[in-house]
Structures are given as structure tokens and as C-alpha cells.
Amino acid sequence: SRLKEGLTKTRNNIVSSIDAVFGGFSTIDEDFYEELEEILIMGDIGVNATEKILERLREQVKEKHIKEPAACKELLIESIREQMQVGETAYDFENEQSVVLVIGVNGVGKTTSVGKLAGILKDQGKNVLIAAADTYRAAAGEQLLTWANRAGVPMIGGKEGADPASVVYDAVNAAKARGVDVLLCDTAGRLHNKKNLMEELKKINRIIEREFPDAHRENLVVLDGTTGQNALNQAREFGQVADLTGIILTKMDGTAKGGIAVAIQSELNIPVKYIGVGEHIEDLQKFDPEQFVNALFD
Ligand code: GDP
């Protein structure tokens with residue numbers, strides 16, 4: 001599958017190393033666990049999630065009186081799967097009109113993800129509108145317009161330097177007037193200017209609540225999978241300025257440390273809702289932990 005293909009680097013790294021451990025040890029001893037621990041941490045699964053995964057594995061090995069490493073590989077996979085259960089997957093945008101704020105620092109793949117998501121939803125027959133509320137960079141607006149045109153989705157923007165909240169105001173009212181199913185709002189990601197960003201997101205939030213109180217809301221933070229533990233910190237920072245409902249995890253095709261998806265699910269307790277495994281539209285996929293783990297290990 002496309003997902004499996006997109007995770008090739010991670011499969012070649014973490015998964016191959018795990019296989020080597022299961023093949024290389026004849027007994028389950030401390031060295032065996034240490035080796036696994038190192039691989040999981042190197043693969044960006046994170047210290048905490050790794051600890052929980054191995055603790056669970058040890059329990060099961062004891063309980064089931066397993067002696068052979070080969071006999072507990074399935075248990076390790078199961079244990080990774082368990083760590084990824086956040087209990088919520090991608091919203092299907094079926095029933096209510098939705099307003100989706102997409103936030104994230106520059107360069108993580110925010111504009112691309114908004115463009116891809118617009119195309120995907122449009123293909124599902126939904127009436128989609130894009131708001132280009134990153135008015136700080138002219139290039140961002142132009143890039144988003146290219147995606148909007150490609151997807152055949154209309155876009156509302158503002159001149160460079162325009163108030164992002166006023167763009168959102170216009171877009172929300174257009175969405176109501178046109179009976180739009182999903183309004184996707186790209187926002188500026190200036191985390192270095194946290195106070196302004198916070199004020200701006202608050203203002204945008206107030207406007208959506210006031211103008212469109214009945215809309216289903218999603219606040220999705222876009223994280224670059226290749227940035228490892230930094231991605232976790234970004235999510236925490238954005239979590240302080242907005243109620244995050246989900247994560248779009250991009251560039252997973254570009255990292256050999258795809259364990260970051262496990263760390264995010266396990267440590268942030270915010271569901272990854274979409275995963276990016278390439279630059280094409282079909283490379284943004286709904287994230288399902290089960291599918292993800294299967295794509296890695298099958
Ligand atoms: P923004 O500044 O956050 O809006 O980032 P962009 O949307 O402009 O994306 C930055 C770069 O990352 C672009 O070259 C995108 O094509 C690329 N990109 C985005 N998502 C993915 C992905 O899932 N995989 C790969 N390989 N590249 C991606």
C-alpha cells in the first residue's frame with residue numbers, strides 16, 4: 001500500500017533492527033531488553049513510551065512463560081499498538097458543517113496539508129472552502145491558491161499584512177452563506193512571537209464561535225515527522241494557545257524514525273488524525289494506529 005511504501009525508511013531502520021534482535025538472541029535476558037530499548041528510543045518512540053512498551057512486554061513474557069525471543073515478537077507489536085490507542089481517529093466531516101483551524105510553525109507542511117485535505121474532501125463530494133489566514137507571507141497565500149485551484153476549491157484570502165482574523169470573519173460568513181461543509185483555515189505559525197500568536201488565535205477562535213456557534217470545530221496542529229522530539233514540544237506549545245483536537249503528522253516518508261507517531265500518540269494524548277507520506281495528494285491519509293503498525297510490521 002501507499003502507506004507501507006511511504007514508511008519504507010522506518011521499516012528499513014527500526015523494523016529491520018527489531019527483527020535482527022529477535023533473530024540474534026536465543027534467550028530473553030536483560031541484554032535482549034536493553035537492545036530493544038535502544039532501538040525503540042533511537043527510532044523516536046520516546047523514553048516514556050518505550051518504557052511502557054517494554055514493561056508490558058516483560059509482564060506478558062512472564063505471564064505466558066515465554067522463553068524464546070521469536071515467540072514474543074507479536075507481543076512487542078501488540079504492546080506498541082496498545083501505546084497508540086488514544087481512542088479517536090480522523091473525523092469524517094459527514095454530518096455537521098465544520099470549521100477546521102490548521103496551525104503549525106512554518107515549513108512543517110501546513111499549506112500542503114490544507115491543500116491536500118481540501119482535495120480529498122472535495123473528491124468525497126463535499127463543499128469545501130479555504131481561508132488563507134496566513135497573511136504574513138505573500139508566498140504562503142500564493143502557494144495555497146495553487147493548491148486550491150488544483151483541488152477545484154474556492155479560497156478566501158487577504159492582502160499581505162491584512163488582519164488574519166478579518167480573513168477568517170469573511171470566510172466563516174461566506175461558508176454559512178454558501179452552505180459549505182468544511183471550511184479549512186490556514187493560519188500563520190509564528191511561534192517565536194508567542195504572545196501575538198496566542199492573541200491572534202484567540203481572536204480567530206472568538207470570531208468563529210460568535211459567527212458560527214453551531215459548527216463542528218477541529219483545531220489540527222501540523223507536525224513535521226522528521227523533526228523528532230521537537231515535534232512533541234511544538235505540539236505542547238500550540239496546546240497552550242489552542243484546544244488541539246488532532247495532529248497532522250507530515251513527511252513520514254522522509255524519516256527513518258517513524259516511531260515519532262508512537263511517541264505522539266502515547267505522550268501527548270492527542271490523536272494523530274492524518275499522516276503525510278509524500279508530496280502528492282494521495283499521500284495524505286487518514287491515520288489509523290492499527291493500520292500504521294500493520295504497515296510497519298507486516
Ligand atoms: P508550511 O510552511 O508549513 O505551509 O509548509 P509547506 O506546506 O510549504 O511544506 C513545506 C515542504 O514540505 C514542501 O516542499 C512540501 O512539498 C513538503 N511536504 C509537506 N508534506 C510532506 C510530506 O508528507 N512528505 C514530503 N516528502 N514532503 C512534504
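The values are calculated or read from the model by the stated rules, or taken from the named source; none is laboratory data. All of these numbers come straight from a predicted model, not from anything done at the bench. We place every Cβ from the backbone using ideal geometry, glycine too, and count neighbours over all the protein chains shown. All accessible areas refer to the heavy atoms of the entire protein, side chains included, with ligands and DNA or RNA removed. Shrake-Rupley method; radii C 1.70, N 1.55, O 1.52, S 1.80 Å.
Determine the gain in length on full extension of the stretch residue 206-residue 66; use 0.36 nm per residue of separation and subtract their C-alpha separation, reporting nm with one decimal.
Details: separation 140, 0.36 × 140 = 50.40 nm, distance 5.65 nm.
Going from the current span to full extension adds 44.8 nm.
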- Item | Computed E for residue 47/residue 8 - FRET, C-beta separation, R0 30 angstrom, nearest 0.05 | 0.70
- Query: For labels at residue 95 and residue 290 in the simple 7 Å Cα→Cβ model, what's the distance in nm?
  - Reply: 2.1 nm
- Item | Relative pair counts by distance (%), Cα atoms of the stretch 1-115, 10 Å bins | 11, 33, 28, 16, 10, 1
- Hey, what's the per residue convex hull volume over the C-alpha atoms of the chain, in cubic angstrom? 120 Å³
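In the chain, what % of DSSP beta bridges are antiparallel (nearest 5)? Kindly include the intermediate steps, with their values, before the conclusion.
On the way: 3 of 30 bridges.
The antiparallel fraction comes to roughly 10 percent.
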- Going by average Cβ neighbours within 10 Å, how do the peptides 272-280, 62-70 rank, with the highest at the top? 272-280, 62-70
- Task: Just subtract the alpha-carbon distance of residue 194 and residue 178 from 0.36 nm times their residue separation and send over the number in nm, one decimal.
- Result: 2.4 nm
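Rounded to the nearest 500, what is the 222 nm mean residue ellipticity of the chain from helices alone, with -39500 (n - 2.57) per DSSP H run of 4+ residues and division by all residues?
Numbers: 12 runs with 147 residues, N = 298.
Value at 222 nm, helices only: -15500 deg cm²/dmol.
Where does the stretch 175-298 land on Rg(C-alpha)/(2.2 N^0.38 Å)? Mind dumping the intermediate values first?
Numbers: Rg = 15.8 Å, N = 124, 2.2 N^0.38 = 13.7 Å.
Compactness ratio reported: 1.15.
Accessible area per residue for the chain in Å², computed with a 1.4 Å probe and the full protein assembly in place, what is it? Working shown, then result.
Working: 13080 Å² over 298 residues.
Result: 44 Å² per residue.
Considering only protein heavy atoms and a 1.4 Å probe, what is the carbon-and-sulfur percentage of the accessible area of the chain?
Carbon and sulfur: 46 percent of the exposed surface of the chain.
Give me the Å³ per residue figure for the convex hull around the C-alpha atoms of the stretch 60-121.
176 Å³
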- Message: Strictly over 23 Å apart at the Cα level, which of 110/159; 52/73; 194/257; 122/159; 9/251; 116/202 would you flag in this model?
- Response: 194/257; 122/159; 116/202
